[in-house]
Amino acid sequence: MKVEIDQNSGFCYGVVRAIRMAEKELEKQSPFYCLGDIVHNEQEVARLHALGMQPINHEALSSLKAARVMIRAHGEPPETYQKAREQGLSITDATCPVVLHLQNKVHAAYEESLSNGGQVVIYGKPGHAEVNGLVGQTANTAIVVEGEEDLQRLDVTRPVYLFSQTTKSIEGFQKIRQTIELKRQERGVSDLIPFRVNNTICRYVAGREEKLTLFSRQHEVILFVSGMKSSNGKVLYEVCKRANPRTYRVSHPSEVLPEWIRGCNSVGVCGATSTPLWVMNEVAARVKELSV
Ligand code: SF4
């Protein structure tokens, strides 16, 4: 049986950067705290935990004093930095530069909206860390939409500044854009009322959809490896599943079921931007074991 690991899968630039920063800090001293999981991958979190990294939530952060805390690639709202300053925490900021740029754009749109009565709209998952960080740039006024039904909360007769969470699908984003355009036409909204569309989907994710589609078609069975909490993982798994219905999502080699690959000649192993290469290697090794 041929087992191939997708060369285009695995950690994106932002996650690699955050992990490198964490490893460097962990060499100095522990404990070193991380606000949330550094990456939505249980195994990588466990590996860094063994080196002394301790994930904490916002509640636990409130009780820390003079400790070392990392802000992960997703970023945080301004209130978190404020709180950290007040508590004398030392922050290692691993916010991905792509996310940082987006935060700045959202903030600029918010400032503009204050003078024209506009609304900042973010296509994303409510409560997702990156989305919380973006909403924080708008004094918590941004409207988060996940599907077309959420657009009822918008007043399309007012200016709209549309952004996307970096890991959402382009298809979904275009649907939201088109629905807003349609609603504006139905209400006879003048072109003078701005509708600013900012496609802020990360190119590291966007490019992968096409590559994963090709890869998924080249194999009989696809094993998509990602942490179950990863929203990027969910999107990319669906891309593979559309291209190849015999796609299965696993987070650990032990989850591979023999019946998925029985009698099959070619298995492709791929993953999300938060999937470590070493976990994909382990899944591929498990497939080989089962095929003997
Ligand atoms: S997916 Fe893109 S925006 Fe998100 S952490 Fe990776 S490089 Fe940064």
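The values are calculated or read from the model by the stated rules, or taken from the named source; none is laboratory data. Quick caveat, the model's predicted, so the values are computed rather than measured. Using ideal geometry, Cβ is built from the backbone for each residue, glycine included, and neighbour counts are taken over all protein chains shown.
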Review point. Taking interchain pairs and intrachain pairs at least six residues apart, which have beta carbon atoms under 9 angstrom, with the first residue in segment 2-15 and within 16 Å of the ligand (Cβ to nearest atom) and the second charged (D, E, K, R) and part of a loop (DSSP other than H, G, I, E, B)?
Key: VAL15/ARG72
Check your understanding: Are any of the residues in segment 201-216 more than 24 Å from the chain's Cα centre (by Cα) and at negative phi?
Key -> no
Point to revise | Answer from LEU162, LEU154 - the residue that is under 14 Å from PHE195 (Cα atoms), modelled with pLDDT of 95 or more, touching a helix residue (DSSP H, G or I) at 6+ places or on another chain (Cβ under 9 Å) and crowded, with 20+ Cβ neighbours inside 10 Å | key: LEU162
Point to revise | segment 238-252 - residue that is modelled with pLDDT of 95 or more and of a type in the set (Ser, Thr, Tyr) and, of those, farthest from GLU220 (Cα to Cα) | key: TYR248
Exercise for review: Select from segment 86-104 the residues that are within 11 Å of the ligand (Cβ to nearest atom) and among the aliphatic types (A, V, I, L, M) and write down the one among them that is farthest from GLN137 (Cα to Cα).
Suggested key: ALA94
Point to revise | Matching option when the condition is in a helix (DSSP H, G or I) and either crowded, with 20+ Cβ neighbours inside 10 Å or within 13 Å of the ligand (Cβ to nearest atom) (or both), among ALA109, ALA60, ALA73 | key: ALA109
Exercise for review: For residues that are over 19 Å from GLN43 (Cα atoms) and of a type in the set (A, V, I, L, M, F, W, C), scanning just segment 238-259, find the one that is surrounded by the fewest Cβ atoms within 10 Å (Cβ to Cβ).
Suggested key: LEU257
Point to revise | Flag if TYR110 is under 22 Å from the mean Cα position of the chain (by Cα), among the aromatic types (Phe, Trp, Tyr) and outside the structural domain of LEU212 (by TED's automatic domain parsing) | key: no
